[in-house]
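The values are calculated or read from the model by the stated rules, or taken from the named source; none is laboratory data. Model, not experiment: these values are computed from the prediction. Here the Cβ is made from the backbone with ideal geometry for all residues, glycine too, and neighbour counts use every protein chain on show.
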Amino acid sequence: MIELAWSILELIRKNPEEYKRHLVKRQMDAALADRFYQVDLRWRKIQVELNELRHRHNVISRSIGKTRDPEEREKLIAEARALLARLKELEAEFERLDAERRDIMMQLPNIVAEDVPVGGEEDSLPIEFWGRPKVWRGHIEAFLEQTEKYGFKVDYDVIDWRPVGHADMLEHVLKLGNTLKAGEVAGSRFYYTFNDIVWLDIALLLYAIDHMTSKGYVLVTPPYMLRHKVMSAVVDLETFKDAIYKIEGEDLYLIATAEHPLAALYFKEEIYDDELPIKLVGISPCFRKEAGAGNRDLKGIFRVHQFHKVEQFVFSLPEESAKIHEEIITNARELFQGLGLPYRIVNIASGDLGACAIKKYDLEVWMPGQGRYREMVSASNCTDWQAFRLGIRLVRRKGMVRDYVHTLNSTAIASTRTITAILENYQREDGVVEIPKVLRRYLEIFKGAPKDYIYPREKPPAGPWRKTS
RNA sequence: GCCGCGGUCGCCUAGCCUGGUCAGGGCGCCGGCCUGCUAAGCCGGUGGGGGAGACCCCGCGCGGGUUCAAAUCCCGCCCGCGGCGCCA
């Protein structure tokens, strides 16, 4: 018997109850698995009948070619026609079943890793803290809620003045952003940024690709749009609905992250085991509808429709993906340690995982203006979920066995979010923002770029502005 | 955008005109024999699915159509190459 190569299909056929437990962990309806099991069973049965019928038809059809006697020929053709009528009926049923089966199959989420906390968003578990957060006196209680509650003793500095939130910093203190005008001409969650903030954006991206390429990751500019068949293979249904922009009148979708085109780099390809791991670092703009976000983070540039991101992506051997997952989150740790931004690593709870991932780490930076840790990085192990949908096979040289590669992705740096973290963490009482030392080498070569500090201004360098506050 | 040519089982390629032998061959890869070891040589394997299995079905860029029968004929789409046009 041929081994079922996709882990989820194999699991449902062999042990549907086990798979249902994973659905429950994800707070999903376990009936999905039952439905698939039944449809799959019937699909297999019909296929047997269909093959039988087709075989008989093929036998007759082949014999027609060898028959010289015209009378005999007519008889055989009539017989083939009769068989064909029955075949058509059965084929119609099979096609209906096959469509239903594929439809459910595309909805099946990955399993949940053993060491993922079970529950909803509130059950996500911080597992590590780094750095020395600046905590405003009024946020101390909230800070302890986010640290000591989980059994971690995190040293922090108390500050007496209240840091200005990133949105107000950008727009009203530094005056280097304009979301009002952007809102008018493009819509909410768009922005104009100017001068030093743009330099900061670019410096962050350079810093991230410098760090990643020095580790041997291959630098990639990917397509910023993908076809439907590719996009739907890379993301789950929810993401598609809530995040993906479509190009009017074309079969093209804007990427929400470089993860999508990077995963697609090996669309329908075979990868030999001795080529793995393949480590990529992509740089691209990201476009997101943020349809499910409601009113959250409406101000500033924390949650926007468009930003730049440097993304890590790895194709790996199945037996190595857990190890590589640790590697990519560690790369992110290094980047944020370099920036001197205090963070915590969170093991995301089962109910909050995307359908693709068996396990996800978020890196959240302490935001002194908001008094909260906020997500900057997300690192997922998708095992063979994406690879199956993209048809990316793994060929093991020993015995030429075929299964699926594993895929992993993680943010390296998302520019706008990281800027908000810098604006809050490097802010002084007088409103001056210090530039993290590690970024300075990427700025010093440019005459017009800021070097050490970004200073508050009286009025913006460009764009309409009315004195309000 | 227009015209012409092309897309074959990992890679290269035959078959297409003139529909019907298992889609043939080369390379690579895997396994075996041989060998002190390697190479050469020889034998077998090398797309997907179903079936407990003997086997069977599907697969020639994708999707339709004609036919008892399609890699082969017809239509649409995608991609590549060459030429023309247009624009950086």
Residues that are of a type in the set (S, T, N, Q) and under 29 Å from A:Val433 (Cα atoms), drawn from the range A:113-164
A:Gln146, A:Thr147
Test A:Met105 against the criterion of being within 22 Å of A:Thr239 (Cβ to Cβ), surrounded by 15 or more Cβ atoms within 10 Å (Cβ to Cβ) and within 12 Å of RNA strand B (Cβ to nearest atom), and give yes or no.
yes
Subset of the range A:1-52 that is part of a helix (DSSP H, G or I), of a type in the set (Asp, Glu) and closer than 22 Å to A:Gln386 by Cα - its residue that is nearest to RNA strand B (Cβ to nearest atom):
A:Asp40
Hey, does the range A:75-91 have a residue that's within 11 Å of RNA strand B (Cβ to nearest atom) and within 24 Å of A:Met106 (Cα to Cα)?
yes
Within the range A:364-416, of all residues that are within 16 Å of RNA strand B (Cβ to nearest atom) and of a type in the set (Phe, Trp, Tyr), the one farthest from the chain's Cα centre (by Cα) is A:Tyr404
Near pairs, Cβ below 8 angstrom, 6+ apart or cross-chain, from the range A:38-55 (in the same structural domain as A:Glu17 (by TED's automatic domain parsing) and closer than 16 Å to A:Ala82 by Cβ) to any residue that is near RNA strand B (Cβ under 8 Å from one of its atoms) and part of a helix (DSSP H, G or I):
A:Leu53/A:Leu83
A:Ile324 out of contact with any Ser or Thr (no Cβ under 7 Å at 6 or more places or on another chain), within 21 Å of A:Thr257 (Cα to Cα), of a type in the set (Val, Ile, Thr) and in the same structural domain as A:Asp242 (by TED's automatic domain parsing):
no
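Residue-wise test of (1) among the hydroxyl-bearing types (Ser, Thr, Tyr); (2) in contact with a Leu (Cβ under 7 Å, 6 or more places away or on another chain).
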| position | (1), (2) |
| --- | --- |
| A:Asn195 | no, yes |
| A:Tyr207 | yes, yes |
| A:Met225 | no, yes |
| A:Val235 | no, no |
| A:Lys246 | no, no |
Scan the range A:305-344 for residues that are in a loop (DSSP other than H, G, I, E, B), out of contact with any Asp or Glu (no Cβ under 9 Å at 6 or more places or on another chain) and either at pLDDT below 95 or surrounded by fewer than 21 Cβ atoms within 10 Å (Cβ to Cβ) (or both) and jot them down.
A:Gly340
Is it true that some residue in the range A:288-304 is assigned to a strand (DSSP E or B), assigned by TED's automatic domain parsing to the domain that holds A:Asn178 and in contact with a His (Cβ under 6 Å, 6 or more places away or on another chain)?
no
Tell me whether the range A:388-411 contains one or more residues that are surrounded by 15 or more Cβ atoms within 10 Å (Cβ to Cβ), modelled with pLDDT of 95 or more and touching a Lys or Arg at 6+ places or on another chain (Cβ under 7 Å).
yes
Output the residues belonging to the range A:345-360 that are outside any strand (DSSP E or B) and crowded, with 21+ Cβ neighbours inside 10 Å.
A:Ile348, A:Ala349, A:Ser350, A:Leu353, A:Cys356, A:Ala357, A:Ile358
Quick check on the range A:49-68. Is at least one of its residues surrounded by fewer than 17 Cβ atoms within 10 Å (Cβ to Cβ), over 25 Å from A:Gly119 (Cα atoms) and touching a Phe, Trp or Tyr at 6+ places or on another chain (Cβ under 6 Å)?
yes
